[in-house]
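For reference, the structure is listed below as structure tokens.
Quick note: the coordinates plus some simple rules give every number you see, no bench work behind them. Just so we're clear, the structure is a prediction, and the values are computed from it rather than from any experiment. All Cβ positions, even for glycine, are placed from backbone atoms using ideal geometry, and neighbour counts span all protein chains on display.
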Amino acid sequence: MVNLTIDGKSVSVPKNTTILEAARQVDIHIPTLCWLEKVSTTGACRVCAVEIEGVDRPMTACNT
């Protein structure tokens, strides 16, 4: 399991869970445009870009 804190909310998720999936588990809405459940994620639209502590650029939540 991986422990994350998203907008002050703690969540434990299995390894390989995306940030988008983890956020949804704690009722945090991250907007998406190109993400479709059960379809490979490309992160092409960049709508779901989020800041990650320790990373110097925004990352896409749908495939990170």
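Quick notes on this one:
- Highest average first, the peptides 26-34, 50-58, 14-22 ordered by how many other beta carbon atoms sit within 10 Å of their residues are 14-22, 26-34, 50-58.
- Mean residue ellipticity (222 nm) of the chain, computed from DSSP H runs ≥ 4 via -39,500 (n - 2.57), nearest 500: -2500 deg cm²/dmol
- Placed amide H near Ile6: partners under 5 Å, 5+ positions off or other chain: Val11
- Given charges at beta-carbon only (K, R positive; D, E negative), |dipole| of the stretch 2-60 in Debye: 180
- Estimated distance in nm for a label pair at Asp56 and Leu36, the labels positioned 7 Å out from Cα along Cα-to-Cβ: 3.7
- Per-residue 3J(HN,Hα) values for the stretch 10-16, derived from phi via the Karplus relation 6.51 cos²θ - 1.76 cosθ + 1.60 with θ = phi - 60°, read 8, 8, 10, 9, x, 3, 6 Hz in sequence order (x marks Gly and Pro).
- Note that the stretch 20-35 has calculated 3J(HN,Hα) couplings of 4, 5, 5, 4, 5, 5, 10, 6, 9, 8, 10, x, 9, 10, 8, 7 Hz, one per residue in order, obtained from phi through the Karplus relation 6.51 cos²θ - 1.76 cosθ + 1.60 (θ = phi - 60°); glycine and proline are x.
- Stretchable slack from Cys45 to Arg24, in nm (0.36 nm times residue separation minus alpha-carbon distance): 5.6 nm
- Amide proton proximity set for Ala49, modelled H, under 5 Å, gap of 5+: Ala61
- Summing charges over neighbours of Ala23, with a neighbour being any other residue whose Cβ is under 12 Å away from its Cβ, gives -1 when K and R count +1 and D and E count -1.
- Normalising by residue count, the stretch 2-60 has a Cα convex hull of 93 Å³ per residue.
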